[in-house]
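The values are calculated or read from the model by the stated rules, or taken from the named source; none is laboratory data. Predicted, not measured: the structure shown is a model, and the values here were computed from it. A quick note on method: Cβ atoms are made from the backbone with ideal geometry, for glycine too, and the neighbour counts reach across all protein chains shown.
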Ligand SMILES: [Zn+2]
């Protein structure tokens, strides 16, 4: 009974505070400043030194009265952060807000802006990590801090985790946290990077928000052709380079997908005709990119020597539910040349089930997006790249990827490029959406 009175009081005060609502102009400006400071820390992976970024987020949380713990997962400053905000129903497993602090390297000579300047120009904030994924990290952080400051107790515990190592596969980041600190997380849901809103990425002329419910499977192969070396002046039919080129051509003539894929069918039902761009191309079929070629004798390779060995690597991405062993067998059968060895150089891909769209959290995400964007269509998608969410999906957690901003195809393509940026107005709207999701009932 005492508990009941206490809970009622708490709930009442939460309602009063919530009615007052955040001071949005102030919140937006603070979050934008914080994002600039965050992007200015060059948390490049490797080496994934995230001590400074972790301290920045930790001090923001501390100011709001939320204690965050830092864990060193490896040398060179690899640091992960975890914090928790208690919820109303503590018997329920938490919602995990997952974000990564590391960013991919830059070739500064290719950038027009300072890649770690976080300058605001032409309505956009420019810099490495602005899109992938420091902006979403700040939306999650801001949402959590607003709940705390306004005295809004979330439906269940929210755990906030910032990791140091997503961009090289997550071994010292999300995977390390799963292996060493699972009991501090043990979530039912995870929200991570993934889909965005767009008027041209998915289909042209219609606003669509994609919420990712799965990632494609990552499979890396090496082709190694062995032939007969000799003098370049006298071509021979067993030139390793010729053998490799033929093998690549045959491998790339692979089946795009063995069977109709349920998630692709659902996306078609939701938006009709897909737009034609590399993102949509990638999320509706299995793909192969040739990512490296290595051959020649001597360094630099001699132009008049036919080598006996030539190698290539293929980055293959398979739709959920596709069998990777069958895929590799198919590639081998197509190459059909005993002089070519096909070797798997990545670990076996994760293929978790699609996260259900029939959950209170998915509905809350969709509702909050619609409140800000009444004309938006919302669909579940698969993302072409790997995210840490799948490490949790493998453990039965429902994982949703959403960066709640409206981004055009050209801007989305700047992820990992030398002109990465986000529109500032969309970052600000994203803060509203994220806060609304976190305060909802799920
Ligand atoms: Zn990312």
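Could you please find all residues in segment 368-401 being more than 13 Å from the ligand (Cβ to nearest atom) and in a strand (DSSP E or B)?
Of everything in segment 368-401, those that are more than 13 Å from the ligand (Cβ to nearest atom) and in a strand (DSSP E or B) turn out to be 377, 378, 379, 380, 381, 382, 398, 399, 400.
When you go through (1) surrounded by 15 or more Cβ atoms within 10 Å (Cβ to Cβ); (2) part of a strand (DSSP E or B); (3) touching a residue at least 40 places away in the same chain (Cβ under 8 Å) one by one for residue 288, which number turns out not to apply?
Only one criterion is unmet by residue 288, namely (3).
Sort out which residues of segment 291-328 are exposed (fewer than 15 other Cβ atoms within 10 Å of the Cβ) and either outside the structural domain of residue 241 (by TED's automatic domain parsing) or under 29 Å from the mean Cα position of the chain (by Cα) (or both), and write them in order of number. Spell out the reasoning first.
If we filter segment 291-328 for residues that are exposed (fewer than 15 other Cβ atoms within 10 Å of the Cβ), which is where we start, we get 291-292, 294, 297-305, 323, 325-326.
Residues satisfying the conditions are 291, 292, 323, 325, 326.
Is there a residue being part of a helix (DSSP H, G or I), out of contact with any strand residue (DSSP E or B) (no Cβ under 6 Å at 6 or more places or on another chain), within 16 Å of the ligand (Cβ to nearest atom) and not assigned by TED's automatic domain parsing to the domain that holds residue 225 anywhere in segment 410-423?
Yes: one or more hits.
Might you let me know whether segment 148-155 holds any residue that is within 16 Å of the ligand (Cβ to nearest atom) and either surrounded by fewer than 22 Cβ atoms within 10 Å (Cβ to Cβ) or touching a residue at least 40 places away in the same chain (Cβ under 8 Å) (or both)?
No.
Assess whether residue 335 counts as being in contact (Cβ under 8 Å) with a residue 24 or more places away in the chain and within 23 Å of the chain's Cα centre (by Cα).
no
What pairs come out if I take residues in segment 410-439 that are modelled with pLDDT under 95 and pair them with residues that are part of a helix (DSSP H, G or I) and more than 16 Å from the ligand (Cβ to nearest atom) whose C-beta lies under 8 Å away, six or more apart or interchain?
What qualifies is 413/278.
Table: residues versus (1) over 30 Å from residue 94 (Cα atoms); (2) part of a loop (DSSP other than H, G, I, E, B).
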{"residue": "255", "(1), (2)": "yes, yes"}
{"residue": "267", "(1), (2)": "no, no"}
{"residue": "294", "(1), (2)": "yes, no"}
{"residue": "316", "(1), (2)": "yes, no"}
{"residue": "325", "(1), (2)": "yes, no"}
{"residue": "330", "(1), (2)": "yes, no"}
{"residue": "334", "(1), (2)": "yes, no"}
{"residue": "361", "(1), (2)": "no, no"}
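How many residues does segment 86-109 hold that are within 16 Å of the ligand (Cβ to nearest atom), surrounded by 14 or more Cβ atoms within 10 Å (Cβ to Cβ) and either assigned to a loop (DSSP other than H, G, I, E, B) or over 24 Å from the mean Cα position of the chain (by Cα) (or both)?
Of the residues in that region, 4 qualify.
Considering only segment 162-181, state which residues are crowded, with 18+ Cβ neighbours inside 10 Å and either in a loop (DSSP other than H, G, I, E, B) or within 14 Å of the ligand (Cβ to nearest atom) (or both).
Listed by number, the residues that qualify are 162, 163, 164, 165, 166, 167, 170, 172, 173, 174.
From 56, 98, 85, which residue is in the same structural domain as residue 158 (by TED's automatic domain parsing), touching a residue at least 40 places away in the same chain (Cβ under 8 Å) and closer than 24 Å to residue 131 by Cα?
Just a single option satisfies the conditions, and that option is 98.
Given the condition touching a residue at least 60 places away in the same chain (Cβ under 8 Å), in a strand (DSSP E or B) and within 14 Å of the ligand (Cβ to nearest atom), answer yes or no: does some residue in segment 110-128 qualify?
Here is the first cut: in segment 110-128, the residues touching a residue at least 60 places away in the same chain (Cβ under 8 Å) are 110-113, 115-118, 120, 123-128.
Right, trim to in a strand (DSSP E or B) and you get 120, 124-126.
This time we only want the ones that are within 14 Å of the ligand (Cβ to nearest atom), so: none.
The answer is no, given that none of the residues of segment 110-128 is touching a residue at least 60 places away in the same chain (Cβ under 8 Å), in a strand (DSSP E or B) and within 14 Å of the ligand (Cβ to nearest atom).
Going through 251, 225 one at a time, which residue ends up being buried (at least 16 other Cβ atoms within 10 Å of the Cβ), in a helix (DSSP H, G or I) and over 23 Å from the mean Cα position of the chain (by Cα)?
Going through 251, 225 in turn, the sole match is 251.
Of the residues 133, 139, which single one is more than 12 Å from the chain's Cα centre (by Cα), within 16 Å of the ligand (Cβ to nearest atom) and assigned to a helix (DSSP H, G or I)? Walk me through how you get there before you give the answer.
Values: 133 fails: more than 12 Å from the chain's Cα centre (by Cα).
Testing whether each residue is more than 12 Å from the chain's Cα centre (by Cα), within 16 Å of the ligand (Cβ to nearest atom) and assigned to a helix (DSSP H, G or I) leaves just 139.
Is it the case that residue 362 is within 16 Å of the ligand (Cβ to nearest atom) and either within 21 Å of residue 168 (Cβ to Cβ) or in contact (Cβ under 8 Å) with a residue 40 or more places away in the chain (or both)?
Against the criterion (within 16 Å of the ligand (Cβ to nearest atom) and either within 21 Å of residue 168 (Cβ to Cβ) or in contact (Cβ under 8 Å) with a residue 40 or more places away in the chain (or both)), residue 362 does not qualify.
Among the residues of segment 182-195, how many are away from the ligand (no atom under 12 Å from the Cβ), in contact with a strand residue (DSSP E or B) (Cβ under 7 Å, 6 or more places away or on another chain) and not in a loop (DSSP other than H, G, I, E, B)?
Matching residues across segment 182-195 total 6.
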